[in-house]
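The values are calculated or read from the model by the stated rules, or taken from the named source; none is laboratory data. Nothing here was measured: the structure is a model prediction, and the numbers come from that model. Please note: Cβ atoms are built from the backbone with ideal geometry, for glycine as well, and neighbour counts cover all protein chains shown.
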Amino acid sequence: MATRKVTITLDETQLDQIRKLVARGSAPSVSGFVQHAVSVALDDVAGWGALLAEALRETGGPLTDDERSWADELLGTARRRPGSAA
């Protein structure tokens, strides 16, 4: 697997916790921990996407704009739509 070095910003407390895990041998390295965390997060997103797609298939298809707006508002994830006022 090809890898590329990147710079990320972490909360100091989180970084301290990761370093403690590395020191105890619970994680191979800071980089290894972050790589694993990213892999888990990507799998999680893919899993939720598949779950949502299945739920939509079972309940009649994609959300309408009104349903999506309601869900965004309820979940606190409302975002600007292209062409909408700020």
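What to note about this one:
- Val34 fulfils the conditions (1) exposed (fewer than 10 other Cβ atoms within 10 Å of the Cβ); (2) farther than 30 Å from Ala71 by Cβ; (3) of a type outside the set (Lys, Arg) except for a single criterion, (1).
- Cβ pairs under 9 Å, 6+ apart, first in the stretch 67-79 and at pLDDT below 85, second hydroxyl-bearing (Ser, Thr, Tyr) and assigned to a helix (DSSP H, G or I): Ala78/Ser69
- Complete set of residues in the stretch 26-66 that are within 24 Å of Lys5 (Cβ to Cβ) and either more than 14 Å from the chain's Cα centre (by Cα) or among the acidic types (Asp, Glu) (or both): Ser26, Ala27, Pro28, Ser29, Val30, Ser31, Gly32, Phe33, Asp43
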